[in-house]
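Heads up, the thing below is written out as structure tokens.
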Amino acid sequence: MTNRIDTTRLQDMARAYTTSAVLYTALDVRLFTHISNGHNSEAALTQETGLRPVDVDRLVSCALSLELLDWDGENLCNAPDVETYLVEGKSRYAGAWMMFTRPDVSGWFQMTEKMRQPDSTKLGMYDELTVESARKYHQATASIGFGAARRFVRTVDLSDRHHLLDLGGGSGAYSITAVETFDGLKATVLDLPPVVVATEEYIADAGVGNRVTTLGADFTQGDFPSPVDVVVMASNLPIYNSEVIGGVVARSFRALEPGGEMHLIGEMLDNDRRGPVDAAMWGMNELVCGSEGRAHTRGECEQYFRSAGFVDVEVTDFVAGTLARCFGRKP
């Protein structure tokens, strides 16, 4: 018996935007925070949100159907991941990150026009970056960045390293976490001049200003500070095209001391380009943002390293299905 082909999968894809819209609205009205705080009936939610009862009914029905909410007897409760990450005031709150790409929504529905009339630059949205927009950007991304940095220091032993160069380090999450973890390690965060103003605020808050410094520059050009014995470039891979990434890796190789290492962490496609979806979508996001970036495969990243002269090159999962880590050592 052959499987019957129908339109279900395609219909789900065509209406996937509705799922995002429900999540955004739930965050707008603090639905999950209210429920966590004990306002766990529709009557209580109507009072707390100021919405009409019919709209609370609609929103709750959607959230239940999407498994964002569940029932605890006759009361509503948050799903475990929602309770952990989407309740305001909790230490792992990631609502700002969930909302991070919301301003880009209209651009995703203009992709056809953008492809037919391309208007892109090497840096895309970063061409217009200001100190205030950099602060806002990293307020949204810092919680995720520090989580990834904690995973990095659990995965990679830098106890024998002395100076880390953090390319496009943003909030400084990797540098701050690394020097807090490994005694004797110092770090330099190299990012655009408006960004490092915000970076220095995170460094000051962490109290590591004596071990983490910043350098305001465009890391897609020019030589890097040297000597360093470890280079990290994390979570900005799809922003750039192959020429830029290859150049960054080559200049990192030159800046490293013999025996030094580089880690490129980002959304990488499998070599057959059939996934992960997230990597492909971050590549497409660069059309929306106006850069020349694209999604890179694991094999391409390995080749950037080998072409630069790195040995012992390998790509491993960093966050399965989301992020991969390409490693190389300078002979």
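The table below gives the values:
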item	result
Single residue of 20, 36 found to be touching a residue at least 60 places away in the same chain (Cβ under 8 Å) and under 29 Å from the mean Cα position of the chain (by Cα)	20
Residue in region 314-331 that is surrounded by the fewest Cβ atoms within 10 Å (Cβ to Cβ), counting only those that are charged (D, E, K, R) and under 24 Å from residue 257 (Cβ atoms)	314
Test: residue in region 308-317 that is under 16 Å from the mean Cα position of the chain (by Cα) and touching a residue at least 40 places away in the same chain (Cβ under 8 Å)	no
Candidate set: region 267-288, residues that are surrounded by 15 or more Cβ atoms within 10 Å (Cβ to Cβ) and closer than 26 Å to residue 251 by Cα; chosen: the one farthest from the chain's Cα centre (by Cα)	269
Which listed residue, of 223, 166, is under 20 Å from residue 302 (Cα atoms), touching a residue at least 12 places away in the same chain (Cβ under 8 Å) and acidic (Asp, Glu)	166
Residue check, residue 93 in a loop (DSSP other than H, G, I, E, B) and either under 24 Å from residue 137 (Cα atoms) or under 20 Å from the mean Cα position of the chain (by Cα) (or both)	yes
Scan of region 107-151 for residues that are loosely packed, with under 13 Cβ neighbours inside 10 Å, modelled with pLDDT under 80 and assigned to a loop (DSSP other than H, G, I, E, B), ordered by number	none
Positions within region 268-299 being farther than 21 Å from residue 106 by Cβ and either among the small types (Gly, Ala, Ser) or touching a Pro at 6+ places or on another chain (Cβ under 6 Å) (or both), in sequence order	275, 279, 295, 299
Answer from 203, 265 - the residue that is among the hydrophobic types (A, V, I, L, M, F, W, C) and part of a helix (DSSP H, G or I)	203
Residue match in region 220-242 (condition: among the hydrophobic types (A, V, I, L, M, F, W, C) and assigned to a helix (DSSP H, G or I))	yes
Selected residue (criterion: modelled with the highest pLDDT) from residues of region 288-315 that are polar (S, T, N, Q) and over 27 Å from residue 226 (Cβ atoms)	297
Filtered residue count, region 292-331, keeping only those that are within 14 Å of residue 280 (Cα to Cα), in contact with a strand residue (DSSP E or B) (Cβ under 6 Å, 6 or more places away or on another chain) and basic (Lys, Arg)	1
Selection status of residue 256, surrounded by 14 or more Cβ atoms within 10 Å (Cβ to Cβ), in the same structural domain as residue 200 (by TED's automatic domain parsing) and closer than 28 Å to residue 176 by Cα	yes
Residue list for region 59-99, filter: without any contact (Cβ under 8 Å) to a residue 24 or more places away in the chain and of a type in the set (Phe, Trp, Tyr)	71, 85
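Residue-by-condition table, conditions (1) at pLDDT 95 or above; (2) charged (D, E, K, R); (3) closer than 22 Å to residue 90 by Cα:
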| site | (1), (2), (3) |
| --- | --- |
| 2 | no, no, no |
| 19 | yes, no, no |
| 25 | yes, no, yes |
| 28 | yes, yes, yes |
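The values are calculated or read from the model by the stated rules, or taken from the named source; none is laboratory data. Being a predicted model, the structure only gives us computed values, none of them experimental. Cβ atoms come from the backbone with ideal geometry, glycine included; neighbour counts cover every protein chain shown.
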